[in-house]
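Here the structure comes first, spelled out in structure tokens, and everything after it is commentary.
Values quoted throughout were computed directly from the atomic coordinates according to the rules given, and no laboratory measurement underlies them. Keep in mind that what you see is a predicted model, and the values were worked out from it rather than measured. Positions of Cβ are generated from backbone atoms using ideal geometry, with glycine treated the same way; all protein chains shown enter the neighbour counts.
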Amino acid sequence: MESFGYSALCEGKGRSGHSAGWARPAVFLLESAVAKMPAHIDLVMSGQSKAAEVSYNRQTDNRRDYALAKRRHVEHFHLIYLLACVHNCVRIRQRNGLVKVKGGQQDMALEQRDLSRMLETAIVAARLAGQRAMEEINYLKVSVKNDTELVTQADTRCQEIIIDRIKETYPDHGFIAEEGVDGRIFKQSPRGQDMLWWVIDPIDGTNNFAHRMLFFTVSVAVMHEGEPIVGVIFEPATDSMFTAVKDGDAQLNDRRITASEEAMDKFASVGLESHFEGGAPGWACEIMQRTRFRNLGTTALQLAYVAKGSMVATIANTPKLWDIAAGVVINRAAEAVITDWQGGKIFPVDLDSYDGHKFQIIAANQKVHGEVVELLRH
């Protein structure tokens, strides 16, 4: 007995566990399925999506009856299968924010981006870079990039790995990445109609990495019209892959994660940076006294920890776009709140003019975000 499942043929899921966001043409699938039907066909309708399963066996004695039955069942299968494919395509695109429904009609004005395909590309690229970083961590050549940052040969190599992998699938997309020439950022504008940018930090937490400490991540994001729409943060030391697409779920190794509902008290962890000119401000001292503050040395990882509920908040005053872009997608999907220090929006960002300037951000669960904003105002 062999089965052809509608879900397997039409829906499809990537290794990340996110919905694929696309469906192959129904006619092609129908022809493929019918070509594999050598005998008696049974149609089984099940589930709200009316998924069609076709089962068959080779036992038949009456060839005429078989031919007639097969023709009738194929006709029924054709109609039901096409309806099911259309239903599933629309459902997936609605879930991913690719189709708007107004007054019961589909508004196809939005460009239909294959978020899941880009996510899979980002996951593969991040994992390849993370594996290379782990291979090189004990054999590093470290140099000073500027007054506050170090760089290693692994940063550059990992960035090349990521960009090369992405270009195999998306040769016309743009890139903004941390490691350029002579301490500048790497920037390559998109070509053609796909105005999509990949924002990359090959090793976030380079100071940790340069000192052979394992608190570092690979951060890869996709941005469209100044907004992050795909985010991947990979922590190689623990094989932790944080992922999300716009309007989807946040996931850690294929399992859904959400921000915590914990209060900001003596048991809560809050992420803080240590770069304060003139010493720590009063609000930082208050947080240190009230909570268990943490500085992991990587903004991306602290954002990921807010998304999975390990921290109630993280506050950063020096990150650049590649430090936060992926984390913003993941935190939004995890139902956390991301703003600047005044509680305002961070995005959209003008990517054409972005030159590496820094941001001030708060990422927090919904319960404490307002409290953190108030603290920073004093």
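Local charge for Leu301 was computed over the other residues whose Cβ lies under 13 Å away, with Lys and Arg +1 and Asp and Glu -1, and equals -3.
Phe347 to Arg377: extension gain in nm, 0.36 nm per residue of separation minus the Cα-Cα distance? Mind dumping the intermediate values first?
Values: separation 30, 0.36 × 30 = 10.80 nm, distance 2.09 nm.
Result: 8.7 nm gained on full extension.
Taking a spot 7 Å from the Cα of Asn138 along the direction of its beta carbon, which residues of segment 236-273 have an amide N less than 16 Å from it? Under cut-off, by backbone N: 237.
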